[in-house]
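Novice: Sharing a structure with you now.
The values are calculated or read from the model by the stated rules, or taken from the named source; none is laboratory data. All figures in this text were calculated on a predicted structure; none of them were measured in a lab. Cβ placement follows ideal geometry from the backbone for every residue including glycine, while neighbour counts extend to all protein chains displayed. Remember, those area values only see protein heavy atoms, side chains included, never the ligands or the DNA or RNA. Shrake-Rupley method; radii C 1.70, N 1.55, O 1.52, S 1.80 Å.
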Amino acid sequence: MKKIIIAIDGFSSCGKSTLAKQLAKELNYVFIDTGAMYRAITLFFLRNNIDTNNTEQINNALKNISLTFKYNIQKGSSDMYLNNENVELQIRDMPVTQNVSLVSTIKEVREFAVAQQQQMGKEKGIVMDGRDIGTTVFPDAELKIFVTSNIDVRVDRRYKELVITNPTITKEAIKENLLERDRIDSSRAVSPLKKADDAIELDNSFITREEQLAIALQWAKEKMNEE
Ligand code: DC
């Protein structure tokens with residue numbers, strides 16, 4: 001079977017990472033969460049008070065950012081490291097979540113992240129999830145999946161995750177953040193979130209994780225067996 005690139009895109013909190021992680025495990029492929037990269041860049045910008053309207057400051061900041069993924073055996077997945085610091089928890093916090101879409105609109109930030117993502121896919125055998133993987137990072141990916149999900153289902157799923165560490169969080173606040181991020185991600189000038197013409201849509205609103213995985217695995221195997 002040939003090695004392929006699997007691109008998974010979609011709106012916020014549609015379960016893209018869950019699917020990408022499961023697929024990578026089943027196929028023994030590398031999994032890359034590109035959202036974590038934009039989140040780590042955002043954390044650096046917040047910590048260093050980078051003015052997102054000042055291109056010189058942005059370029060200088062990017063020169064001082066090193067992003068790496070390191071495998072966490074206990075979790076069975078990779079953690080995001082910013083300049084050799086494990087920032088996996090900080091990048092999921094509200095300050096980053098509220099600013100990441102804005103930082104992701106910046107052309108220089110996208111060029112910085114996309115170049116590294118393309119490098120990671122050189123050997124193929126990769127599952128990458130994000131917003132522009134099938135359209136910009138790997139326009140020639142053999143399999144492109146565009147994941148969708150009903151907004152209230154997405155809010156419920158995210159609420160269950162977040163309430164564990166943040167008991168005061170409300171569903172209304174989550175819904176507002178998701179819709180706002182979707183709006184910014186879909187309307188930005190540089191590589192906006194949109195379904196690639198050759199992507200297959202997978203609506204997971206009313207199917208289980210196992211059913212979703214089975215569908216995607218079937219598609220992957222078909223592509224891996226193609227001449
Ligand atoms: O997948 P996520 O929710 O962790 O992504 C966080 C943000 O990063 C998302 O709101 C938009 C941005 N992002 C992006 O612009 N392009 C990607 N390929 C991945 C994420």
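Novice: Once amide H atoms are built 1.01 Å from N in the peptide plane, which residues 5 or more positions from residue 31, or in another chain, come under 5 Å H to H?
Specialist: Close amide H contacts, sequence-distant or interchain: 127.
Novice: What are the extents of the Cα atoms of region 1-95 along their three principal axes, in Å, largest first?
Specialist: In descending order, the Cα extents are 47, 27, 26 Å.
Novice: Still on this structure, I have one more. Heavy-atom accessible area per residue, region 111-161, 1.4 Å probe: how many Å²? All intermediate terms of the calculation are to be shown ahead of the outcome.
Specialist: On the way: 2150 Å² over 51 residues.
Per residue, region 111-161 has 42 Å² of solvent-accessible surface.
Novice: Under unit Cβ charges (Lys, Arg +1; Asp, Glu -1), what dipole magnitude, rounded to 20 debye, does the chain have relative to its Cα centre?
Specialist: Dipole about the Cα centre, nearest 20: 360 debye.
Novice: Right, here's the next one. For all pairs of alpha-carbon atoms in the chain, what percent lies in each bin of width 10 Å, listed from the first bin to the last filled one?
Specialist: Values per bin, smallest distances first: 8, 33, 39, 18, 3, 0.
Novice: Please compare each pair in 63/223; 63/171; 122/160; 107/171; 124/194 to a cut-off of 29 Å on the Cα-Cα distance and tell me which ones are over it.
Specialist: In this structure, 63/223; 63/171; 122/160; 107/171 exceed 29 Å between Cα atoms.
Novice: Here's something else I'd like to know. Residue by residue through region 61-69, what is 3J(HN,Hα) from phi via Karplus (6.51 cos²θ - 1.76 cosθ + 1.60, θ = phi - 60°)? Round to whole Hz and write x for glycine and proline.
Specialist: Along region 61-69, the couplings run 4, 4, 5, 9, 10, 10, 10, 9, 10 Hz.
Novice: Out of the DSSP beta bridges found with both residues in the chain, what percent are antiparallel (nearest 5)?
Specialist: 30 percent
Novice: Still on this structure: For region 200-206, what does the Karplus curve 6.51 cos²θ - 1.76 cosθ + 1.60, with θ = phi - 60°, yield as ³J(HN,Hα) per residue in whole Hz, taken in order and with x for Gly and Pro?
Specialist: With the stated coefficients, region 200-206 comes to 9, 7, 10, 8, 9, 3, 10 Hz.
Novice: For region 36-147, just say rounded, prolate or oblate: build the C-alpha gyration tensor, square-root its eigenvalues into a ≥ b ≥ c, call rounded for a/c under 1.5, and beyond that prolate if a/b exceeds b/c, oblate if not. Please list the in-between numbers first.
Specialist: Numbers: a/c = 1.76, a/b = 1.27, b/c = 1.39.
Oblate, since a/c reaches 1.5 and b/c is not below a/b.
Novice: Give the carbon-plus-sulfur fraction of the accessible surface of region 93-156 in %, rounded to a whole number; probe 1.4 Å, heavy atoms of protein chains only.
Specialist: Roughly 49 percent of what the probe reaches on region 93-156 is carbon or sulfur.
Novice: Going by a ≥ b ≥ c, the root eigenvalues of the Cα gyration tensor, does region 166-227 fall in the rounded group (a/c under 1.5), the prolate group (a/b larger than b/c) or the oblate group?
Specialist: oblate
Novice: If you roll a 1.4 Å probe over the heavy atoms of the protein chains, what accessible area per residue do you get for region 1-77, in Å²?
Specialist: Roughly 49 Å² per residue, with all protein chains present.
Novice: Next up: Counting only protein heavy atoms and a 1.4 Å probe, tell me what percentage of region 1-70's accessible area is made up of carbon and sulfur.
Specialist: 44 percent
Novice: When the helix-only estimate is applied to the chain (DSSP H runs of n ≥ 4, each -39,500 (n - 2.57), divided by the residue count), what is the mean residue ellipticity at 222 nm, nearest 500 deg cm²/dmol?
Specialist: About -14500 deg cm²/dmol.
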